[in-house]
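Just so it is clear, none of the values below were taken in a lab; they were calculated from the coordinates. Just so it is clear, the model here is predicted, and its values are computed rather than measured. Reconstructed Cβ throughout: ideal geometry from the backbone, glycine too, with neighbour counts over all protein chains shown.
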Amino acid sequence: MVGKNMKNNKVETGKNEETTDKRIEETTDKRIEERLTNEDDICKNGKQETVENVSVQIVKGKIENGLLDNSGCFLCGIKAETSCPRCGVEACSIHLSQHNGVQEGDEVVCLPFRVVWRENVGRCVLATRDIQPLELILQDKPVVLGPNYETEAVCVNCLGRVDGTCICEHCNLLFCGETCKKSYETSLQDNSSATTGVLHATECAAFSQMEKKFCVENVAPGTVAYEYGSITVLRLLSLRDSAPAEWARLQVLMDHDEERRKEEVYWNMFQVNIVDFLRKRCKQADKYSEEEIHWAIGILRTNAANVERPYMARQGTSGKAIYPTFSFFSHSCICNARYIIRPDDTMDLRAQVPIRQGEEITIQYISFLFGNVRRRTDIKNCWLFECQCVRCQDVTELGTFVSALLCPKCEGSVLPKSSSLDESEWECIKCKNIIPDSEAIQIFSKLEKTMFDTFDTDVAKYEALLEEYRKILHPNHFQLINLDLVLEVATEIYLQIS
Ligand SMILES: [Zn+2]
Ligand SMILES: [Zn+2]
Ligand SMILES: [Zn+2]
Ligand SMILES: [Zn+2]
Ligand SMILES: [Zn+2]
Ligand SMILES: [Zn+2]
């Protein structure tokens, strides 16, 4: 069972997925058809050259050609009028710059991938040549960046920690200090916010509309400032009018509208906290429809990556961003590429093993170190698909037994009877003793909670836990490994203090 808090957390850390799930495929097709209908209208109106058409033409390509491999722009698939002068990869004028990345030492390289549409799979990314380990695959910049959905009050300029004393004079949202406040005021005066990366103008205008002046009462770490949940949504929506090229790139991402509507509690929570808040209290109803706002929420939930610049990590704050090209990469629990986000928010994706030409390039949205049971449930809850990779389909987790229990009767390994998420029984592989799923899950969650409630330096408590759980969990169990590490750190701190 995933509790509410955990799930909310997960909503924050969402990364996209392009899924193999049939249901989602059908939903996408439906939405594509809707968008196509709109596109026909646009074409009739003779606006074929607009940037927004790019996204719809990609979609058309999918329907008309079935497959987009090896034709058209490497990123959007439309018939490209330009190509890379160095390697000949086809790229439309909007996406040509996306084909180059900058390696260490300022060397410009041609990036080795193209986006394809595969029937029954969706959009995914293939290697266009052999790629060596650590080679750069993608460099992406965020098109939207802002506070998390459920966050404490943070600086609306830099997302750093605030103490509540430096307030925006227009809207009452907070800055971390005079430097951030000044850079915002300056950008207002010389109208330079678009070029200097100062982002606050969008929500400042909206929050200034509130009749009862907005006020953050408690800035303590861990205290949620609910109004902040609307900021990134608003920043995303504002691209519609301010940055049509970026807006077009967002239109082809998944928003999982249909699946989200089924989660009634969450849907209603977003309706009140964001949709109604923006449309009624911030008076944005003329500007953004309910549907548009829910779409923006879905795009953020499904596609946003966590951003934690070095100073934010030190201050314990974080935010989220959408990297639109990165969003095309699918998840695998045995992925072949890994990403890092640099201090300037640029994302570098690199190969971690040799990748052959034509092979799919995959990333990991969530670490496999937490074991199958926990990871697969989290994937299902956050990104709304069931992972079908080899690791997820194998109850022994490729022979590692990182989620296995010990049989109370014979000390054999106890594993789920099948890899189905609905499996209700665990079984000892030696004596066939059965343990109900609920009992197994309770062992994990009880230990997790106890560890959460234990002081970092409580060596005796960790030793006792280790002793107790060595008798219950398989020696390779991820929680035992974690417990070992925590005990090591606790001992070190204890020795330093005494
Ligand atoms: Zn393109
Ligand atoms: Zn090239
Ligand atoms: Zn700041
Ligand atoms: Zn403001
Ligand atoms: Zn998997
Ligand atoms: Zn047994």
From phi via Karplus (6.51, -1.76, 1.60), per-residue ³J(HN,Hα) for segment 464-476 in Hz, x at Gly/Pro: 5, 4, 4, 4, 5, 7, 4, 7, 10, 9, 4, x, 8
Three-way shape call for segment 390-497 based on the alpha-carbon gyration tensor, with the a/c threshold at 1.5: prolate
Residue-count net charge about Leu174 - beta-carbon cut-off 15 Å; Lys, Arg +1, Asp, Glu -1: -4
Set Lys262/Lys283; Lys212/Lys287; Lys380/Lys417; Lys430/Lys471; Lys280/Lys380 screened for pairs whose C-alpha atoms are more than 26 Å apart: Lys262/Lys283; Lys280/Lys380
Ascending count of other beta-carbon atoms within 10 Å, so fewest first, for Leu483, Leu349: Leu483, Leu349
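Over segment 144-320, what is the mean sequence separation of C-alpha contacts under 8 Å (at least six apart), divided by residue count, expressed as relative contact order in percent?
29 percent
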Pairwise centroid distance, computed over Cα atoms, of segment 403-479 with segment 289-332, Å: 33 Å
Gyration tensor verdict on segment 74-143 (Cα atoms; rounded if a/c is under 1.5, prolate if a/b is larger than b/c, oblate otherwise): oblate
Ranked list, fewest to most other Cβ atoms within 10 Å of each Cβ, for Thr223, Thr457, Thr325: Thr223, Thr457, Thr325
Extension gain (nm, one decimal) between Asp422 and Thr82, 0.36 nm per residue minus Cα-Cα: 117.4 nm
Under the Karplus curve 6.51 cos²θ - 1.76 cosθ + 1.60, θ = phi - 60°, whole-Hz ³J(HN,Hα) for segment 252-262, x wherever Gly or Pro sits: 8, 8, 7, 10, 6, 3, 5, 5, 5, 4, 6
FRET efficiency, Glu258 to Thr450 (Cβ-Cβ, R0 45 Å, nearest 0.05): 0.70
Residues of segment 341-367 with amide N under 20 Å of a point placed 7 Å along Cα→Cβ from Glu308: 341-350, 363-367
Spin-label pair Gln393/Ala285, simplified geometry with 7 Å Cα→Cβ offset, distance in nm: 5.2 nm
Amide hydrogen neighbours beyond the local backbone of Ser83, cut-off 5 Å, H modeled: Ala91
Cα-based Kirkwood hydrodynamic radius, segment 191-317, one decimal, Å: 16.0 Å
Sequence-distant residues sharing a close amide H with Leu138 (under 5 Å, placed H): Leu349
Amide N of segment 299-335 lying under 15 Å from the label point, which is placed 7 angstrom from the Cα of Arg240 along Cα→Cβ: 299-300
Gained length - Asn381 relative to Lys212, 0.36 nm times residue gap less alpha-carbon distance: 57.2 nm
Fewest-first ranking of Arg391, Arg161, Arg235, using other Cβ atoms within 10 Å as the exposure measure: Arg391, Arg161, Arg235
